[in-house]
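Working notes for the structure below.
The values are calculated or read from the model by the stated rules, or taken from the named source; none is laboratory data. Just so you know, these numbers come straight off a predicted model, no measurement behind them. With ideal geometry, Cβ positions are generated from the backbone for all residues, glycine too; neighbour counts draw on all protein chains shown. Ligands, DNA and RNA are excluded from the accessible area calculation, which covers all protein heavy atoms including side chains. Shrake-Rupley method; radii C 1.70, N 1.55, O 1.52, S 1.80 Å.
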Amino acid sequence: MKEIYDIDGMHCAACAAAIERVLGRKDGVEQAEVSLTDERLTIRYDDSKLDRAAIMKAVSRAGFTATIREKRDLRETFQKRDTQVRKQRNELLLKFVFSAPLIVMTFAHLAGFHGFHFLHNPLHDAILQLILTLPVMILGRHFYINGIKGLITKAPTMDTLIAVSTLAAFIYSCFSMFGYFDGQIYFDSAVMIIVMVSLGKYLEARAKRKTSRAIEELVKLKPKTVAILRDDTEIHLPMDEVMPGDIMHVRPGETVALDGEVVRGAGMMDESFLTGESLPVNRSTGDEVLGGSINTDGNLHVRVTKADEDTVLSGIIRLVEAAQSSKAPIARLADRVSAYFVPTVIGIALLSGAAWMIAGEGFSFAVIIFVSVLVIACPCALGLATPTAIVVATGRAARMGIIIKDARALEQMQQPATILFDKTGTITTGEIEVREVLVYGAYSAREVVDLCASVEQGSEHALAKAVIKASDRLYPTDEFKAVVGNGVQGQVVYKDKTRSVFIGNEALLEQSGIVVSEAGRSDAKRLAKEGVTPVFVAIDGAFTGILGLFDIPRPDAEETIAALKAAGIRTVMLTGDNRYTAASVAARVGIDVVEAEMTPEKKATVVQKYAADGTVVMVGDGINDAVALANADIGIAVGRGTDIAIESADIILIKDRLYDIVNVLHLARATMRNIKQNLFWALFYNIIGIPVAMGILHIFGGPLLNPMFGCFAMSISSVFVVTNALRLRRFRMRAPGADTEMHGTAVR
């Protein structure tokens, strides 16, 4: 069983790792994956061994709260996150109110000014500091609750580091206040650690909130209520109460709430949310309109065809959410490091403090070292390095009309070795026309076209639509059968007789013992060399004719192929068409390698062949491509495509623009570059910061690191990582004709 839970109380990557580790110990758990950025747990488990209550109890023992994610209102989710950010801000202000006097006193003492001593009595001064410290610690009590639970469950987190370090400073100061130890008090350090961490978490939360803006903008396209016509009366209903068949009234300037079909009126629709095209398109009676489109003019009555959860817009939102919560392979390395990071830091802190005491330094010195090491270590930056970049990149892609369903695909897309292209509807426009009709038997060209069109009524293929469009009359058909990769066949009632009609390639006819004449083969070869696809026709078991179908290449195909080849990527055309037509089309767009006359099964075999050289990308749009799309390392569906192609693909180019493959390549490289920058600085910060906190500079006569400054640096490192990831929001999409240099992205 697979379920999704919302998790409350996480603050860092170690928190996510702790939940995964605790659940991983439970019998029956098959997989547990926690997304820090989306604050959710995706778990697969054996429901005969485990139930929801046990899962939520295990998460609770780790110091967090889990609630099953049912159908949710994303608007409420975003409002909740905004409320949480405001709550963090208000608590931070309160902490500043209590800590400000203490900070002033501390820096005054450092400057040699002692006028702030309460009645000039050190004990009274310490009591005043204690009074100011307690409210700050109470306001930051979640650090202690979660941190101690982390220790108990043997899954320590960033909260554990904060809890242990501040409690160590606080307890030591309390004993020193009454004459124990050496009289040094560190209430100011405990307070500043909490305040600085809280400041960093607040800034981080604000920055992280921006990473979800892409989904929020999509959600805003959904109106809260819909104007529905019932018995000539207009009523307003919530979205989830509107059902297919209801009639929506859409006025000028309003947003279409749900997918539907225009039954009355006409208007220009702004569909830029889906296509990226700024120019509105005309929609009138009989036309499909999509939820989220804006009616710029005209009054429309629209029959609802899909409930809210089934609309194109809702599907896009679900896909983007899934992508943002998925983990790229590079993120799993960071997760493994984070899982061991906190225990390792606690060990280093203990050893460092003990080593300085053995070296002859006092207990107070050892406490400072211990606290400094704990607070400067930062698993947050390490854990945020990858997911924040993935969230921003997939959100940016969605706004550009590119749906990336999995973070793995984004990582692999940065340097594919081979990209395989289907021909019809992918390299070509798919807007096919019948250029020539050749007949070899008793039937006329018109009869051949009409009989073929009658059979093709049962097919969704682009070739079928072209034949139907060329027909004058359609006849009753029965026993339609699609022979995937070869063609179609069926029975047509014509002149009071049932005719058996076969339409497809030569292999389809041969399978039924039908021989193509030499004249037919010669004509087919001639058409193919001219770039026209020959489709063989047999009626009542005899070869009867050839339909010459022409499909022009996409206008951006040549530039797309040129850009990919310039990037060192091998391009291959993989098609079920004959080798002559395929070679002609490939030559026009610049593809050097052609794999023609492919069945769906053969396409999958070819994918495996090229996989030996590296990452393979398959680009297609139809049912014939589904197997290859699923078998490739990355499957890309062009346009809205068929449902099965979209289901099989990892990336969907909603705009139906081939050049967006180049944009995906740019975005993938910019994203991976951003992730590597984040990981470098997160690791570099810890590699430099921890030794300094251990006192390595002091060995050579340098200063000790003040815990307050270490805590400030730790907080800033997390904010830096999130802010760097947000730069991907500025990524610019290119259009055909722009510079094709692959490294010229807007984000470096």
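Computed over protein heavy atoms with a 1.4 angstrom probe, the accessible surface ordering of Asp287, Asp51, Asp27, largest first, is Asp27, Asp51, Asp287. Partner lysines whose Cα lies under 27 Å from the Cα of Lys609, excluding those fewer than 8 positions away in the same chain, are identified as Lys405, Lys423, Lys565. Listed values for segment 454-461 are Karplus-derived 3J(HN,Hα) couplings in whole Hz (6.51 cos²θ - 1.76 cosθ + 1.60, θ = phi - 60°), namely 4, 5, 5, 4, x, 10, 9, 5, and x replaces Gly and Pro. Inter-part distance, segment 568-615 to segment 27-54, computed on C-alpha centroids, equals 42 Å. Averaging the sequence gap over all C-alpha pairs within less than 8 Å and six or more residues apart, then dividing by the number of residues, gives segment 413-470 a relative contact order of 35 percent.
Across Arg732, Arg89, Arg554, Arg408, the residue with the most accessible area heads the list, and the full order at a 1.4 Å probe is Arg732, Arg89, Arg408, Arg554. For segment 437-452, 3J(HN,Hα) computed residue by residue from phi via the Karplus equation (6.51, -1.76, 1.60; θ = phi - 60°) reads 10, 10, 10, 10, x, 7, 8, 7, 4, 5, 5, 4, 5, 5, 5, 5 Hz, glycine and proline entered as x. Computed with a 1.4 Å probe over protein heavy atoms only, the accessible area of Arg435 comes to about 130 Å². Projected label points at Glu460 and Gln31, each 7 Å from Cα along the beta carbon direction, are separated by 2.7 nanometres.
Once the mean 1/r over all distinct Cα pairs of the chain is inverted, what Kirkwood radius in angstroms do you read off? Show your work: numbers first, answer last.
On the way: mean 1/r = 0.0333 Å⁻¹.
Hydrodynamic radius (Kirkwood, Cα pairs) of the chain is 30.0 Å.
Quick one: compute the contact order of the chain, relative version, from alpha carbon pairs under 8 angstrom and 6+ residues apart, as a percent. Mind showing how you got there, number by number?
Values: 1500 pairs, mean separation 95.1, N = 748.
Once normalised by length, the contact order is 13 percent.
In order along segment 534-542, the phi-based Karplus estimate (6.51 cos²θ - 1.76 cosθ + 1.60, θ = phi - 60°) of 3J(HN,Hα) comes to x, 10, 7, 10, 10, 10, 6, x, 10 Hz; Gly and Pro are listed as x. Label positions at Thr225 and Ile699, each projected 7 Å from the Cα along the C-beta direction, are separated by 7.2 nm. Taking label points 7 Å from Cα along the Cα-to-Cβ direction, Ser444 and Thr153 give a separation of 8.0 nm.
Assuming R0 = 56 Å, what is the FRET efficiency of Tyr340 and Asp478, from their Cβ-Cβ distance, to the nearest 0.05? It comes out at approximately 0.25. For the pair segment 454-524 and segment 341-385, the centres of their Cα atoms are 78 angstrom apart.
In this view, the solvent-accessible surface of Met1, computed with a 1.4 Å probe and all protein chains in place, comes to about 100 Å². Take 711-720, 535-544, 679-688 and order them by the average number of nearby Cβ atoms within 10 Å per residue, most first; the result is 711-720, 535-544, 679-688. If the label point is 7 Å along Cα→Cβ of Arg526, which residues in segment 491-520 have backbone nitrogen under 20 Å from it? Of the residues in segment 491-520, 506, 516-520 have backbone N under 20 Å from the label point off Arg526. Residue order by solvent-accessible surface for Lys423, Lys481 is Lys481, Lys423, largest first, with ligands and nucleic acids left out and a 1.4 Å probe. Estimated at 0.36 nm per residue, the fully extended path between Thr65 and Asp232 surpasses their Cα-Cα distance by 55.2 nm. Here the peptides 483-493, 245-255 are ranked by packing, the mean other Cβ count within 10 Å, and the order with the highest first is 483-493, 245-255.
Per residue of the chain, what 222 nm ellipticity follows from adding -39500 (n - 2.57) for every DSSP H run with n ≥ 4, rounded to the nearest 500? Don't skip to the end; give the middle numbers.
Working: 26 runs with 372 residues, N = 748.
The helix contribution divided over the chain gives -16000 deg cm²/dmol.
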